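The values are calculated or read from the model by the stated rules, or taken from the named source; none is laboratory data. As the structure is a computational prediction, the values presented were derived from the model and not from experiment. Quick reminder, even Gly has a Cβ in these numbers, built from the backbone with ideal geometry, and neighbours come from all protein chains shown. The accessibility values were calculated without ligands, DNA or RNA, using every heavy atom of the protein model including side chains. Shrake-Rupley method; radii C 1.70, N 1.55, O 1.52, S 1.80 Å.
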Amino acid sequence: SERRFRDLAELLPGTVYETDDQGRLTFVNRNAFQQFGYTEEDLARGPNALEIIVPADRGRALANMQQIIAGGATTANEYNVQRKDGSVFPAIVHSTTITQGGRFAGMRGFLVDISARKEVEEALRKSEENYRQLFDNAPTAIYQVNFRTGKFTKANDIVCDLFGCTQKEITSLSPYDLMTEESKRLFLERFLKMSRGEQVPANPEFEIITHKGERRWTQLNAKYIYDEAGLLGADVVAHDITDRKQVEAALQETQRRLWEIIEFLPDATLIIDREGRVIAWNRAIAKMTGVKSEDMLGKGN
């Protein structure tokens, strides 16, 4: 049994170790020498297992060992450990007791280097921190919505300002609550089409009414979220396009007035665009030529 244990220990990729009842190392596998830079001679002097753990973590490691010796459950604990050259890396250490004749005779366990996992966790933490900073500090409304409940799952302060609510209150509300009646109709129509798998415009525009009674226009950029049941929700950036809408409305009004002026001019008047298409054909020229405007608009000259 002992031979099989040691044969297996030599094949494992992590560090396997045994100690006596005083905590002195009595066995380590080959991987331990490679991982920590120690030699057979170093092991022969009977170093204490706690020596591989950085001083700041030794008190906690000793307390955990004593708990296991006293009959506590075998645990996996995370410590910073050090190589012979003083370099440090994070590791998970699993330990259990060795008993002989019903008495405590030492500890047995294995150690796994978790440096790669820690690097991934740190990269993920930084990524999440960057996302949170962007989410919180972006100069535009950002939110996540669950289509099945119709409610926000999270939203930044700009969204809360539109509703006049707190971050805690926002998850009980819905983007639908801000929309005008016409926008609600368009929103439901769009949602039904999406549910049926139909194509919809990528960047829809909706008019909203804020808690202050202000009417604003927003353009949505959404990344949709799916699960095994289908469409779940979306991450949304809502751009305020009110100024653009006002400019467009003013331009349309100016064009309308211009067409009215052209239409009632006493002289026969037509206008063509750069491609030579007729874009205006007033009453005077229709009367003069006997050709109606609907027969000329959009035609080549």
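Packing-wise, with mean Cβ within 10 Å as the measure, how do 132-139, 91-98 rank, highest first?
The peptides rank, most packed first, as 91-98, 132-139.
For region 171-271, what's the relative contact order in percent, using C-alpha pairs closer than 8 Å and at least 6 residues apart?
Here the relative contact order equals 16 percent.
What whole number of Å gives the distance from the Cα centroid of region 56-128 to the Cα centroid of region 148-187?
Centre-to-centre distance over Cα atoms comes out at 48 Å.
Springs between alpha-carbon atoms under 10 Å, Gaussian network over the chain: tell me which of LEU232, LEU188, LEU270 tops the mean-square fluctuations.
Highest fluctuation among the options: LEU270.
Just the C-alpha atoms of region 193-301: what Rg/Rh do they give, with Rh taken as the Kirkwood radius?
1.22
Rounded to the nearest 0.05, what FRET efficiency is calculated for ILE225 and GLU275 with R0 set to 51 Å and r the Cβ-Cβ distance?
My answer for the efficiency is 0.70.
Between ILE241 and THR171, with labels modelled 7 Å along Cα→Cβ, what's the label distance in nm to one decimal, could you check?
About 3.2 nm, to one decimal.
Place a label point 7 angstrom from the Cα of ASN146 along the Cα-to-Cβ direction, then list the residues of region 219-238 whose backbone nitrogen is under 19 Å away.
Hits in region 219-238 for ASN146 at 19 Å: 223-236.
Scan region 208-252 for trypsin sites (Lys or Arg not before Pro) in coil per DSSP, keeping those whose Cβ has at most 13 other Cβ atoms within 10 Å, and list them by number.
Taking region 208-252 and a limit of 13 other Cβ atoms within 10 Å, the loop trypsin sites (Lys or Arg not before Pro) found are LYS212.
Normalised by the residues of region 30-125, what does the relative contact order come to in percent, with Cα pairs under 8 Å and at least six apart?
For region 30-125, the relative contact order is 20 percent.
Work from the charge dipole of the chain (Cβ charges, +1 for Lys and Arg, -1 for Asp and Glu, about the Cα centre) and give the residue of LEU192, ASN31, LEU220 farthest towards its positive end.
The residue sitting most towards the positive pole is LEU192.
Averaged per residue, what accessible surface does the chain expose to a 1.4 Å probe, in Å²?
63
Pairs of alpha-carbon atoms within less than 8 angstrom and 6+ residues apart define the contacts here; what relative contact order does the chain have, in percent?
Relative contact order here is 9 percent.
Just the ratio, please: alpha-carbon radius of gyration of the chain over 2.2 N^0.38 Å, N its number of residues.
1.92
Write down the Kirkwood hydrodynamic radius of region 6-142, to one decimal in angstroms, obtained as one divided by the mean of 1/r over all alpha carbon pairs.
16.9 Å is the Kirkwood radius here.
Leaving out ligands, DNA and RNA, and with a 1.4 Å probe, what % of the accessible surface on the chain is carbon or sulfur?
54
With label points built 7 Å along Cα→Cβ from the Cα atoms of PHE191 and ASN137, find their separation and express it in nm.
Those two pseudo-labels are separated by 3.4 nm.
Using only the alpha carbons of region 129-220, determine the length spanned along each of the three principal axes and report them from longest to shortest in whole angstroms.
Principal extents (largest minus smallest coordinate, Cα): 36, 32, 23 Å.
With r as the distance between the Cβ atoms of GLU260 and GLU214 and R0 = 35 Å, compute the FRET efficiency 1/(1 + (r/R0)^6) and round to 0.05.
Between GLU214 and GLU260 the formula returns 0.65.
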